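Visitor: Let me begin by handing over the structure; questions about it come next.
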Amino acid sequence: MSFNYEKANSLLAEWLERQRTAFRSFPSVSDQPGNASQAAELWRSYMLWLTLARILPAQSDAIEDPTDPLVAPTGGGLEGLVGRANESPSFATLWDADRKSMRSYGAWLEMRNASAAHRGLLDKAWQEAHRRFLVELAKAEADGGPLIDSWRKGLDHWLAIANQCLLETQRTDEFLQTQKRLLRSAMDYRLSLRELAEEFCEIHQIPGRGELDDLSRTVHELRRELRALKRRDSATPVTGQGRGVVGC
Amino acid sequence: MLKFSAEQYLKEMAESNRRIADGAKMLAQIKDDDVQIATTPKEAVLRQDKTTLYRYLPTREPSLRLPVLVVYGLIGRYTMADLQEDRSLIRNLLNQGVDVYAVDWGNPGRADRWQSLEDYIDGYLDGCVDFIRARHGIDAINVLGICEGGVFTLCHAALHPEKVKNLIVTITPVDFHADVEEERIERGFLNVWTRSLDAEDIDRIVDAFGYVPGQFMGMVFSMLTPVKSLTKYNVDMLDVFDSEDKLMNFLRMEKWLADRPHHPGEAAKQWLIELYQQNRLVKGEFTLDGRPVDLSRLTMPVLNVYALDDHIIPPSCSKALAPLVGTKDYSEIALPGGHVGVFVSGKSQGIVGKGIVDWLRERC
């Protein structure tokens, strides 16, 4: 699998052209009140990254397609390869550590893809905010909408629109699902690292996290038993007995 | 209508730059030690494992016979009730002659993975209540719960109604699904987000860390105000740089936010799965050590304080308590402001403390 240079170059060329347009739109200093189109251009110039974001739909859509080599530069095939290796039957005494490493790598790939899909969704929300703001600016000029008589008011207006768009996006099923996928993959990756660490601890006779968890569980259960016993044997309130109580 | 010139824009930018320069100068002169929170004098009177019970030193003769125990939850720390001298619920209570105690759950870590709500409510909290009862030679005390701590106090009072004379809950969720009634989009996302997960996802977090990391909770909270979270350290700083007082208030809040403890694993599973996802408390299905938490056993006077603009615990989630309690002496105080604002905003200072003490005086 190879990186899709042609598609990347085309995206880059488009981004450069849009940057050029944005720079050209810088207004000259003037003491005349601006109009909607000047303000819109000014806005674009300060939001160059959003100008870039406007070309993202193609990329965002592609992100959801794990076989797209542009958004999965290691090649969609690698995920397949790792996935197949992880799903293959295991042997009792063969390649145990290798399988754990491969599982961890597979978890990392999934986390990276989940993160890209989630970012793509957020990018769309920012683009929508950008679109709504430009529409509002044009409306303000055309029909005397809300008065924007300072840059700060304009900025606050933009932030309010962006906040609304993000809140709306966050409540969509798509957002909640991509976020769940991201959270799940991040935890799976962390757990896979723990599995590798446990392997290392085992070899070097170091107590692993699982062992410490077992130990803390035993201590916790003993404390609860002690507390219950003290309660049962005491007619008066226990005032915290059995929980390592120290009166101060 | 769009009405500003390029010259005006440049003037605004110049003013912003001046503020940034002033702010940078102020910041350079402030040391971390200058930013102190929870400074009201107190003494540790009881320790149970990592839990410490503090008693605040009185500032005047007591005017209430029974002490008040302040119980915060495991998300955030009790120091929010004593953020700074002029924004402190604790000081407001002390200044009105209340004997105040507060529970600090300490810093739960991986070793506390198995600590459940039973341990916190029926173990440590009950131990604190018993200790205060024994110390003062009284049968019952006043208990004030905040947020998750409010749920702890509801459960404790329902299991041990004889030990609680008056119960006050503040910004406390009771019906975890009542957010669906909220019309404002900025409210209740925490409920929506938690319900979007599977129970296995929460198990995974606890398996991976042993607890729910404080930073993780902070990240979830930042989603509730997405743009505010992005502008906090840039655009909003321009307003904070207005004066040293504003900057110090901001830095104190930052200090409190940075001190966000981890939530112990098993207790987090109960909180997020059994309460947030399954809404067991309001259904009467929530149990602690097999004993059902029956809110109709709340026969003592109950005061429910909630914030009208609370985006973390929407008012509808708190107000759901009214029909569930077993007492006829149930009151509410609805305060303007947001979740934390109830305790730390300049506007609410005095209102909350005075409202609570007036209510207690009528019942002691």
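The values are calculated or read from the model by the stated rules, or taken from the named source; none is laboratory data. Computed from a predicted structure; not experimentally measured. A quick note on method: Cβ atoms are made from the backbone with ideal geometry, for glycine too, and the neighbour counts reach across all protein chains shown.
Visitor: Counting just the residues of the stretch A:199-214 that are outside any helix (DSSP H, G or I) and loosely packed, with under 14 Cβ neighbours inside 10 Å, which one comes out nearest to the other protein chains (Cβ to nearest Cβ)?
Guide: The initial filter retains those residues of the stretch A:199-214 that are outside any helix (DSSP H, G or I), namely A:204-208.
Now drop any that are not loosely packed, with under 14 Cβ neighbours inside 10 Å, which leaves A:204-207.
Working: A:His204: 20, A:Gln205: 21, A:Ile206: 16, A:Pro207: 12 Å.
It comes out as A:Pro207.
Visitor: Here's another thing I want to ask about it. Can you pull out every residue in the stretch B:340-364 that is modelled with pLDDT of 90 or more, aliphatic (A, V, I, L, M) and surrounded by fewer than 21 Cβ atoms within 10 Å (Cβ to Cβ)?
Guide: B:Val357
Visitor: Counting only residues that are within 13 Å of another protein chain (Cβ to nearest Cβ) and either farther than 30 Å from B:Tyr78 by Cβ or free of Cβ contacts under 8 Å to residues at least 40 places away in the same chain (or both), how many does the stretch B:27-45 have?
Guide: Here is the first cut: in the stretch B:27-45, the residues within 13 Å of another protein chain (Cβ to nearest Cβ) are B:42-45.
Imposing the further condition that a residue be either farther than 30 Å from B:Tyr78 by Cβ or free of Cβ contacts under 8 Å to residues at least 40 places away in the same chain (or both) reduces the set to B:43-44.
The total comes to 2.
Visitor: Quick one: in the stretch B:1-35, which of the residues that are of a type in the set (S, T, N, Q) and surrounded by 13 or more Cβ atoms within 10 Å (Cβ to Cβ) is nearest to A:Val135 (Cα to Cα)? So that I can check it myself, show each step before the final result.
Guide: To start, the set of residues in the stretch B:1-35 that are of a type in the set (S, T, N, Q) comprises B:5, B:8, B:16-17, B:29.
When the remaining residues are screened for being surrounded by 13 or more Cβ atoms within 10 Å (Cβ to Cβ), the result is B:5, B:8, B:16.
Details: B:Ser5: 20, B:Gln8: 23, B:Ser16: 27 Å.
Here the residue is B:Ser5.
Visitor: For B:Tyr54, only one of the following conditions fails: (1) in a strand (DSSP E or B); (2) away from chain A (no Cβ under 14 Å). What is its number?
Guide: (2)
Visitor: Kindly provide the set of residues from the stretch B:151-172 that are among the polar types (S, T, N, Q), assigned to a strand (DSSP E or B) and under 17 Å from the mean Cα position of the chain (by Cα), ordered by number.
Guide: B:Thr170
Visitor: Report, by residue number, each residue of the stretch A:163-172 that is assigned to a helix (DSSP H, G or I) and facing another protein chain (nearest Cβ under 8 Å).
Guide: Residues satisfying the conditions are A:Asn163, A:Gln164, A:Leu166, A:Leu167, A:Glu168, A:Gln170.
Visitor: Still on this structure: Consider the stretch A:129-177. How many of its residues are within 30 Å of A:Ser115 (Cα to Cα) and touching a residue at least 60 places away in the same chain (Cβ under 8 Å)?
Guide: Of the residues in the stretch A:129-177, 4 are within 30 Å of A:Ser115 (Cα to Cα) and touching a residue at least 60 places away in the same chain (Cβ under 8 Å).
Visitor: Sticking with this structure for a sec: Tell me which of these B:Glu148 doesn't satisfy, since it passes every other one: (1) farther than 22 Å from A:Asp173 by Cα; (2) over 18 Å from the mean Cα position of the chain (by Cα).
Guide: Checking B:Glu148 against (1) farther than 22 Å from A:Asp173 by Cα; (2) over 18 Å from the mean Cα position of the chain (by Cα), the one that fails is (2).
Visitor: Please tell me if B:Glu285 is free of Cβ contacts under 8 Å to residues at least 60 places away in the same chain, of a type in the set (D, E, K, R) and assigned to a helix (DSSP H, G or I).
Guide: no
Visitor: If B:Asp236 meets every condition in (1) more than 14 Å from chain A (Cβ to nearest Cβ); (2) over 23 Å from B:Pro314 (Cα atoms); (3) among the acidic types (Asp, Glu) apart from one, which number is that one?
Guide: Only one criterion is unmet by B:Asp236, namely (1).
Visitor: Considering only the stretch A:120-154, state which residues are at the interface with chain B (Cβ under 7 Å from one of its Cβ atoms) and under 25 Å from B:Met237 (Cα atoms).
Guide: Result: A:Leu147, A:Ile148, A:Asp149, A:Ser150, A:Trp151, A:Arg152.
Visitor: Based on this model, can you work out whether A:Ala85 counts as in a helix (DSSP H, G or I), within 13 Å of chain B (Cβ to nearest Cβ), touching a residue at least 12 places away in the same chain (Cβ under 8 Å) and of a type outside the set (S, T, N, Q)?
Guide: So A:Ala85 does not fit the description; no.
Visitor: Which of the residues that make up the stretch B:210-224 are crowded, with 19+ Cβ neighbours inside 10 Å and facing chain A (nearest Cβ under 8 Å)?
Guide: B:Gly210
Visitor: Still on this model: Testing B:Arg135 on (1) part of a helix (DSSP H, G or I); (2) within 14 Å of chain A (Cβ to nearest Cβ); (3) closer than 18 Å to B:Gly265 by Cα, one condition comes back false. Which one is that?
Guide: So B:Arg135 meets the others, but not (3).
Visitor: Among the residues of the stretch B:99-118, what is the count of those that are among the hydrophobic types (A, V, I, L, M, F, W, C) and not in a strand (DSSP E or B)?
Guide: Final tally of qualifying residues: 4.
Visitor: Search the stretch B:178-199 for residues that are more than 16 Å from A:Thr169 (Cα to Cα) and pair each with any residue that is basic (Lys, Arg) when their beta-carbon atoms are under 7 Å apart and the residues are at least 6 apart or on different chains.
Guide: B:Asp179/B:Arg187; B:Leu197/A:Lys180
Visitor: With the requirement that a residue be under 30 Å from B:Ser88 (Cβ atoms), assigned to a helix (DSSP H, G or I) and of a type outside the set (Gly, Ala, Ser), what does the stretch B:5-47 give you?
Guide: Across the stretch B:5-47, the qualifying residues are B:Arg19, B:Asp22, B:Lys25, B:Met26, B:Leu27, B:Gln29, B:Asp32, B:Asp33, B:Asp34.
Visitor: Where residues in the stretch A:168-184 are more than 16 Å from B:Met219 (Cβ to Cβ) and touching a Ser or Thr at 6+ places or on another chain (Cβ under 9 Å), which of them is surrounded by the fewest Cβ atoms within 10 Å (Cβ to Cβ)?
Guide: So the residue we want is A:Asp173.
Visitor: Out of the residues in the stretch B:57-98 that are in a loop (DSSP other than H, G, I, E, B) and touching a Ser or Thr at 6+ places or on another chain (Cβ under 7 Å), which is farthest from B:Thr153 (Cα to Cα)?
Guide: Only one residue fits best here, namely B:Glu85.
Visitor: Being within 25 Å of B:Arg291 (Cα to Cα), buried (at least 20 other Cβ atoms within 10 Å of the Cβ), β-branched (Val, Ile, Thr) and within 14 Å of chain A (Cβ to nearest Cβ) narrows it down to one of B:Val169, B:Val174, B:Val164, so name that one.
Guide: Exactly one of B:Val169, B:Val174, B:Val164 is within 25 Å of B:Arg291 (Cα to Cα), buried (at least 20 other Cβ atoms within 10 Å of the Cβ), β-branched (Val, Ile, Thr) and within 14 Å of chain A (Cβ to nearest Cβ), namely B:Val164.
Visitor: Now for a separate question. Can you find a residue in the stretch B:210-223 that is without any contact (Cβ under 8 Å) to a residue 24 or more places away in the chain, touching a helix residue (DSSP H, G or I) at 6+ places or on another chain (Cβ under 7 Å) and hydroxyl-bearing (Ser, Thr, Tyr)?
Guide: yes
Visitor: If we scan the stretch B:261-281, do we find a residue that is part of a helix (DSSP H, G or I), surrounded by 19 or more Cβ atoms within 10 Å (Cβ to Cβ), touching a Gly at 6+ places or on another chain (Cβ under 9 Å) and small (Gly, Ala, Ser)?
Guide: Looking for residues that are part of a helix (DSSP H, G or I), surrounded by 19 or more Cβ atoms within 10 Å (Cβ to Cβ), touching a Gly at 6+ places or on another chain (Cβ under 9 Å) and small (Gly, Ala, Ser), one finds at least one in the stretch B:261-281, hence yes.
This table checks each residue for (1) out of contact with any Asp or Glu (no Cβ under 6 Å at 6 or more places or on another chain); (2) at pLDDT 95 or above; (3) within 30 Å of B:Phe209 (Cα to Cα).
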position: A:Gly144; (1), (2), (3): yes, no, no
position: A:Trp158; (1), (2), (3): yes, no, no
position: A:Glu168; (1), (2), (3): yes, yes, no
position: A:Glu199; (1), (2), (3): yes, no, yes
position: A:Glu211; (1), (2), (3): yes, no, yes
position: A:Thr218; (1), (2), (3): yes, yes, yes
position: A:Asp233; (1), (2), (3): yes, no, no
position: A:Cys248; (1), (2), (3): yes, no, no
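Visitor: Restricting to the stretch B:173-189, count the residues that are part of a helix (DSSP H, G or I) and touching a helix residue (DSSP H, G or I) at 6+ places or on another chain (Cβ under 6 Å).
Guide: Of the residues in the stretch B:173-189, 4 are part of a helix (DSSP H, G or I) and touching a helix residue (DSSP H, G or I) at 6+ places or on another chain (Cβ under 6 Å).
Visitor: May I pose another question? Looking at the stretch B:1-26, I want the residues that are closer than 14 Å to A:Gly154 by Cβ and within 7 Å of chain A (Cβ to nearest Cβ) and have a partner that is of a type in the set (A, V, I, L, M, F, W, C) and surrounded by 15 or more Cβ atoms within 10 Å (Cβ to Cβ) with Cβ atoms under 6 Å, at least 6 apart or on another chain. Which pairs are those?
Guide: Once the first residue is closer than 14 Å to A:Gly154 by Cβ and within 7 Å of chain A (Cβ to nearest Cβ) and sits in the stretch B:1-26, its partners that are of a type in the set (A, V, I, L, M, F, W, C) and surrounded by 15 or more Cβ atoms within 10 Å (Cβ to Cβ) give B:Met1/A:Ala140; B:Leu2/A:Ala36; B:Leu2/A:Ala39; B:Leu2/A:Ala140; B:Leu2/A:Ile148; B:Tyr9/A:Trp151; B:Glu12/A:Trp151.
Visitor: If I go through the stretch B:107-148 residue by residue, how many of them are surrounded by fewer than 20 Cβ atoms within 10 Å (Cβ to Cβ), of a type in the set (Gly, Ala, Ser) and more than 30 Å from B:Arg60 (Cβ to Cβ)?
Guide: The total comes to 2.
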